[in-house]
1. Please enumerate the residues belonging to the stretch A:72-97 that are of a type in the set (Phe, Trp, Tyr), touching a Gly at 6+ places or on another chain (Cβ under 7 Å) and within 14 Å of chain B (Cβ to nearest Cβ).
2. Give me the pairs, please: first residue somewhere in the stretch B:75-100 and within 19 Å of A:Leu352 (Cβ to Cβ) and touching a residue at least 60 places away in the same chain (Cβ under 8 Å), second residue anywhere and of a type in the set (Ser, Thr, Tyr) and surrounded by 22 or more Cβ atoms within 10 Å (Cβ to Cβ), beta-carbon distance under 6 Å, and either six or more positions apart or on two chains.
3. What residue, among those in the stretch A:218-242 that are surrounded by fewer than 22 Cβ atoms within 10 Å (Cβ to Cβ) and modelled with pLDDT under 95, is nearest to the other protein chains (Cβ to nearest Cβ)?
4. For residues that are in contact (Cβ under 8 Å) with a residue 40 or more places away in the chain and open to solvent by 20 Å² or more (accessible area, probe 1.4 Å), scanning just the stretch A:197-211, find the one that is nearest to A:Gly281 (Cα to Cα).
5. Free of Cβ contacts under 8 Å to residues at least 60 places away in the same chain and either of a type in the set (Ser, Thr, Tyr) or surrounded by 23 or more Cβ atoms within 10 Å (Cβ to Cβ) (or both), is that true of A:Leu259?
6. Can you name every residue in the stretch A:423-452 that is β-branched (Val, Ile, Thr) and open to solvent by 40 Å² or more (accessible area, probe 1.4 Å)?
7. For the stretch B:13-33, give me each residue that is more than 8 Å from every other protein chain (Cβ to nearest Cβ), surrounded by 14 or more Cβ atoms within 10 Å (Cβ to Cβ) and either among the aliphatic types (A, V, I, L, M) or out of contact with any strand residue (DSSP E or B) (no Cβ under 8 Å at 6 or more places or on another chain) (or both).
8. Does A:Gly263 satisfy the criteria of being within 30 Å of A:Tyr631 (Cα to Cα) and at pLDDT below 90?
Amino acid sequence: MAGNILITIALVLSIYSMAMYYFAFRGAKNTINLARISYHGMSIIVFIISTYFWYLIFTHQYQYKYIYEYSGHELPIGYLISSFWAGQEGSFLLWLLLAAIIGILLQSYTAKRGELEYRVMAVYTLSTSFLLIMICPLLKSPFAMIWSESVPIIASSINPDIMNLDVIKHAFDHILASNQQPTFADIYPILQSNNIPLNEFLLTGKGLNPLLQNFWMQIHPPILFAGFALTTVPFAFSIAALMKNEYKDWVKQSFPWMLAAAGVLGLGIMMGGYWAYGVLGWGGYWAWDPVENSSLVPWLISVAAIHTFLVQRKTQNKENSLGRFTRTNLILSILTYVTVIYSTFLTRSGILGNASVHSFIDQGRAVFIFLVLFILTFLGLGAGLIIYRWKSFVSDVPAEESLLSRELALFTAAVALCASAFIVCFGTSMAMVDVTVPAALYNEMHVPIAILIGLLNGISLAIRWKSSSFEDVWKKSMWSVGLSLIATAIAIFSGVHNVMMILLFLTSIFTLIVNTEIAIKIMRGNTHKIGAYVAHIGIALFLLGVIGSAGYSKEQNIDLIRGKKTDVLGYNMTFTGYHPLKNDPKKFAFNVKIDQGGSAKVVQPVMYQSEMNGGLMREPDILEGLLRDVYISPLGFDEAGVDVNNKGPKQEILSVTASIKPFVSLVWIGVIVMSLGFVVAMLRRLKESLIVSSFS
Amino acid sequence: MNKKYLLGGIVVVLFLGMTMFLFMQSGMQYESDFSKVMTKSKAIKATGHWVKEKSYDQNLQDKTFTFVMADEKGTEMKVNFKGVMPNNFEMASSIVVTGKYENGVFHASDILTKCPSKYQDQKSANS
């Protein structure tokens, strides 16, 4: 009850704050303090709601539907923490919590920049209001009571003593006789009339899905949702600029936020990939699953925007002008957030019911309609204002038409990124008409884009702003091209034969060399400018990791007989036995000794029978190395063993899929390096954004 | 200026056209009616549920996993999957298999299990 009341108050405050900020923007004198107070009030209440929700989870208050469905008595504290966001309602609350925190930073950032705060916060509070409506009691509150909806009763969570009471038994028999599943809505009144507290009736909740019981579940959603929340900020800046019809300063002000959003979102996406790879045993880190795709799309657009932001910043320095690509930047900023909402719609409305590894059910018509309204509002606001102001941001900078200008290179990079975003977005949306696009097609379509991005990434640094001569570019990049060709020759010699892969390798290594060279030069001087190069080194490493792991992995299914050395893909593998895990004796670790060239290591994939769902769960284990991972995914274990050749005693056999994945480590390292680059760039742009433009 | 837009426009249109064409070509259709699945010659994604009463057969030597699936109307179909039983198979509320129906058996290259545990109740698993 208290939770729902608090949500409602927060919603009222959020809407009130929005209105007061809007009035302040329209010139009202005395509303700004009210707006600020109500925004902070809203944030504080959201903290309280979240803390209270955690408190309810920790104290196992199963009268709340969400807590019954996603947690249980046996869960250790770490998993209780992540039960918070195991389901739909909780993950929206998490998103809201992070948005509230980011909003506080945004408020203080914009307040230092005059009346910017009024516009930006008016838009930002519109978004927090929508998030609050999503979790309000009328839609999907995390505080819904267990008897308010038809939650079926699972026998394993009930106290048998109470179950055996005549009155309860009778009630159950009655319901079962009519061929229906007993729900809490049926039983609760009976418990009440017999003075049996619900927490005595229920011994435990349904528990957390075993796939979610790991470290990555604790860290991945908060980072991803922080990224989502951050994308609201460039959207708000963009709308704020359109509201005032003033397009000079907003890029500078929005830049650090866009970088932060892209950095955090990128990191979050990678963590999801690592989770799939290292824990869920998908074998790979990217399956082009709708849920993965839908967080990738806004990231691609935000990265495209960063490049066109840069051009606008650069071209507005010299004269008192808007700079180039004002319109593009506004549109990309809007699209970044709109695609975040669209992703949310795809993955949360139940519309993709068929197509994903992630499970969804129909969330009901109200949620569906609301999510459509959410998209339409923000898309309509953005598109409407852009059309309304269409004529006002005609660039006053003469466009450079030189083919060899850095502006054009950056713009082309942005186009390539948007093309990728379109492919992914369109392909994922096909699932709405029950068609799924095979992963292979996504891969094929992205190879040429990646080659182009690699090329631009390196060559653009040799090209000057405005225009440069071909000789100049060649002179600058001669050495890097030479080195890249040598490296590529080595790669071809060591087994890379596919033409597209050779090209991708060439451009990736070229990017790596060019950017490293510049980064080293910069290290001696203007270190604060190093961000972009670090990020580009990251993306080059990432692409190399993708080439190695996606193009040149080897895989083999093999039966390992206990105690017997078997040669698998050049490694000697021996199954040496199994033992229960110390902290969880129901799970078994299977020891596989792997040796190659004298050094032996043991990996321990895990299998167990899940109590929650009765299924056999398998967790891979990986021998991670810089050059390659040895990935051991368990398939099954034959205890009685199979009689080999019908003689001798039966032997225990562990069946596994073993795979060698070259350079997977570069995928993770690449993304981490890239995110670091984003952070450095963000700090630089943050400083810049404080400098009052001398031209204005 | 106009030329630039024209050129850009053509590139964009070509790109969009190609993308859509490729997606339509290789996109895989879902089908929940097995009588239709059995007549299609193209690879397809069939959705239905595992018939528990008919159990399953996991052959660890050949790495084949065989089971019987049924659609909503109750039409049954034998499925042969090259691989092992996926995580969560036994408790999945519904199953999506990717492959082709040939000679009385659906040869699946991929199995997707939908878990009822996360967002749904056990009811649908039993029904």
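1. The first filter runs over the stretch A:72-97 and keeps only residues of a type in the set (Phe, Trp, Tyr), leaving A:79, A:84-85, A:92, A:95.
Subset that is touching a Gly at 6+ places or on another chain (Cβ under 7 Å): A:84.
Across the stretch A:72-97, there are no qualifying residues.
2. Qualifying pairs under 6 Å: B:Val96/B:Thr47.
3. A:Gln218
4. Step one: filter the stretch A:197-211 for residues in contact (Cβ under 8 Å) with a residue 40 or more places away in the chain, giving A:198-211.
Now drop any that are not open to solvent by 20 Å² or more (accessible area, probe 1.4 Å), which leaves A:199-200, A:203-204, A:206, A:211.
Numbers: A:Asn199: 37, A:Glu200: 38, A:Leu203: 32, A:Thr204: 29, A:Lys206: 24, A:Leu211: 10 Å.
The extreme case among them is A:Leu211.
5. Details: free of Cβ contacts under 8 Å to residues at least 60 places away in the same chain: no; either of a type in the set (Ser, Thr, Tyr) or surrounded by 23 or more Cβ atoms within 10 Å (Cβ to Cβ) (or both): yes.
In short, no.
6. Step one: list which residues in the stretch A:423-452 are β-branched (Val, Ile, Thr), which gives A:423-424, A:428, A:433, A:435-437, A:447, A:449, A:451.
Correct list: A:Val433 only.
7. B:Asp33
8. Numbers: within 30 Å of A:Tyr631 (Cα to Cα): yes; at pLDDT below 90: no.
It is false that A:Gly263 is within 30 Å of A:Tyr631 (Cα to Cα) and at pLDDT below 90.
The values are calculated or read from the model by the stated rules, or taken from the named source; none is laboratory data. Please read these numbers as outputs of a predicted model, since none were measured by experiment. With ideal geometry, Cβ positions are generated from the backbone for all residues, glycine too; neighbour counts draw on all protein chains shown. Keep in mind that these areas ignore ligands, DNA and RNA; they rest on the heavy atoms of the full protein, side chains included. Shrake-Rupley method; radii C 1.70, N 1.55, O 1.52, S 1.80 Å.
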